[in-house]
Amino acid sequence: GPRIFSGVQPTGHLTLGNYLGAVRRWVEVDQLRGDALFCVVDLHALTVEHDPARVRRLSRQAATLLLAAGLDPERCTVFVQSHVDEHVRLSYLMECTASDGEMRRMIQYKEKSAEAARRGESVRVSLLTYPALMAADILAYGTQEVPVGADQTQHVELTRDLAVRFNQRYGETFVVPRATHPEVAARVMDLQDPTSKMGKSGQGRKTGVVYLLDEPEVVRKKVMRAVTDEGGDGGVVYERGARPGVANLLDVLAAFSGGEPARLAEGYASYGALKRDVAEAVVEGLRPVRERHAELAADRGYVDAVLRGGAERARGMARPRVDAAYRAVGLMG
Ligand code: TYM
């Protein structure tokens with residue numbers, strides 16, 4: 001099968017967006033059909049102001065959640081980015097391949113640097129160079145497919161550009177990867193602000209964000225209070241542009257129950273009935289993940305052993321290609 005790589009940042013608690021946009025497909029599709037690696041990208045979490053203890057705790061929680069969601073260490077490689085030095089080694093060569101202009105064009109950089117400025121914080125250089133590290137994550141493994149949510153498309157496009165440029169300058173070294181996305185729910189929106197992405201970052205728990213470890217009662221409350229749109233009298237219709245709140249709920253429902261969002265809409269006369277079904281679908285969909293997480297969180301030894309084994313395998317896969325890249329650019333080796 002194809003070589004597959006993807007990752008998740010431990011900058012906050014994992015959300016329904018992470019699950020539907022990425023993790024669930026890693027479990028149900030990618031680990032079964034490919035030679036796949038999944039990574040908790042802890043180095044990326046240092047690109048914004050961070051609390052060391054929190055990053056450490058969230059890294060362990062993210063890794064535990066990936067296993068709880070069903071990633072099987074017999075079928076794929078699960079590891080933590082900072083355990084494998086090759087990511088940082090290659091990141092530097094990517095910084096020497098990219099231009100500052102293409103880094104500054106990244107939407108995530110523009111948004112997060114503006115956010116830091118609003119809070120009166122300085123912008124870390126690593127926030128700008130973030131895509132170089134992400135490109136290194138992907139290219140170190142000869143990755144063909146990168147299963148991500150829609151928000152990561154621009155970063156994967158830049159990774160492709162860097163791979164092509166490097167190969168042209170220094171000789172064939174990297175495979176040029178492509179992004180893959182789920183058919184529905186590639187962009188889950190915030191329940192309170194359905195024009196922006198449901199995101200895990202930021203302090204404090206947000207009422208528009210469903211976290212994978214939320215209790216069922218909390219999930220129900222968040223879904224029932226989701227912002228819907230004006231003009232619901234004509235029934236429930238699927239219109240992403242005009243009715244983003246309702247469309248988002250229908251996307252989430254479709255992701256869990258199957259079927260087309262637009263067809264599902266036909267079955268509802270009111271927003272209340274739709275919300276009740278969405279709430280139950282989410283609660284039931286996340287229940288096994290939450291329960292398995294509780295079991296695994298009590299078994300630190302197991303999770304640690306998986307991560308150690310994963311890092312060792314990942315190192316073995318990345319090392320030869322990164323060494324080759326070092327030689328190709330003219331380093332003595
Ligand atoms: P991150 O940590 O923000 O998100 C992890 C994955 O979840 C997806 N996702 C969403 N999908 C749908 N709707 C949403 N609201 C939503 N929010 C997040 C993301 O698209 C992603 O697939 N830069 C990456 C991490 C990364 C990476 C990599 C990914 C670092 N190196 C190499 C792939 C390959 C990020 O910030 O993801």
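Here's the yes/no breakdown for (1) buried (at least 22 other Cβ atoms within 10 Å of the Cβ); (2) charged (D, E, K, R); (3) at pLDDT 95 or above; (4) more than 10 Å from the ligand (Cβ to nearest atom):
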{"residue": "V23", "(1), (2), (3), (4)": "yes, no, yes, no"}
{"residue": "L32", "(1), (2), (3), (4)": "no, no, yes, yes"}
{"residue": "E49", "(1), (2), (3), (4)": "no, yes, no, yes"}
{"residue": "A53", "(1), (2), (3), (4)": "no, no, yes, yes"}
{"residue": "R60", "(1), (2), (3), (4)": "no, yes, yes, yes"}
{"residue": "T64", "(1), (2), (3), (4)": "yes, no, yes, yes"}
{"residue": "P73", "(1), (2), (3), (4)": "no, no, yes, yes"}
{"residue": "H83", "(1), (2), (3), (4)": "no, no, yes, yes"}
{"residue": "H87", "(1), (2), (3), (4)": "yes, no, yes, no"}
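Only one of G241, G208, G199 is more than 16 Å from the ligand (Cβ to nearest atom) and in a loop (DSSP other than H, G, I, E, B). Can you tell me which? Give the derivation first.
Details: G208 fails: more than 16 Å from the ligand (Cβ to nearest atom); G199 fails: more than 16 Å from the ligand (Cβ to nearest atom).
Exactly one of G241, G208, G199 is more than 16 Å from the ligand (Cβ to nearest atom) and in a loop (DSSP other than H, G, I, E, B), namely G241.
Let's see how each residue does on (1) more than 14 Å from R60 (Cα to Cα); (2) in the same structural domain as V227 (by TED's automatic domain parsing); (3) of a type in the set (A, V, I, L, M, F, W, C):
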{"residue": "A269", "(1), (2), (3)": "yes, yes, yes"}
{"residue": "K275", "(1), (2), (3)": "yes, yes, no"}
{"residue": "V278", "(1), (2), (3)": "yes, yes, yes"}
{"residue": "V289", "(1), (2), (3)": "yes, yes, yes"}
{"residue": "D304", "(1), (2), (3)": "no, no, no"}
inquiry  = Can you confirm whether A68 is part of a helix (DSSP H, G or I), of a type in the set (A, V, I, L, M) and either surrounded by fewer than 21 Cβ atoms within 10 Å (Cβ to Cβ) or within 15 Å of the ligand (Cβ to nearest atom) (or both)?
reply    = no
request  = For R118, indicate whether it is in the same structural domain as R321 (by TED's automatic domain parsing), free of Cβ contacts under 8 Å to residues at least 24 places away in the same chain and under 25 Å from R24 (Cα atoms).
outcome  = no
key: Unmet requirement for D190, which otherwise passes all of (1) surrounded by 21 or more Cβ atoms within 10 Å (Cβ to Cβ); (2) closer than 30 Å to Y326 by Cβ   = (2)
request  = Could you grab the pairs with beta carbons closer than 7 Å, sequence gap of 6+ or different chains, first residue in the range 272-285 and at pLDDT 95 or above, second one outside any helix (DSSP H, G or I)?
outcome  = L274/V236; L274/Y268; K275/A226; V282/V210
note = In the range 1-13, anything near the ligand (Cβ under 8 Å from one of its atoms) and of a type in the set (A, V, I, L, M, F, W, C) is listed as F5, V8
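Tally up the residues in the range 114-173 that are part of a loop (DSSP other than H, G, I, E, B), surrounded by fewer than 21 Cβ atoms within 10 Å (Cβ to Cβ) and in contact with a strand residue (DSSP E or B) (Cβ under 8 Å, 6 or more places away or on another chain), please. Please lay out each step first, then the result.
Of the residues in the range 114-173, the ones part of a loop (DSSP other than H, G, I, E, B) are 119-124, 140-144, 148-149, 171-173.
Narrowing the set further to residues that are surrounded by fewer than 21 Cβ atoms within 10 Å (Cβ to Cβ) leaves 119-124, 142, 144, 171-173.
Pick out the ones that are also in contact with a strand residue (DSSP E or B) (Cβ under 8 Å, 6 or more places away or on another chain) and you get 142, 144.
So the answer is 2.
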query = S91 passes all but one of (1) hydroxyl-bearing (S, T, Y); (2) within 15 Å of the ligand (Cβ to nearest atom); (3) assigned to a loop (DSSP other than H, G, I, E, B); which number fails?
reply = (3)
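The values are calculated or read from the model by the stated rules, or taken from the named source; none is laboratory data. Note that the structure is predicted; figures quoted are calculated from it, not measured. So basically every Cβ, Gly included, is an ideal-geometry build from the backbone, and we count neighbours across all protein chains shown.
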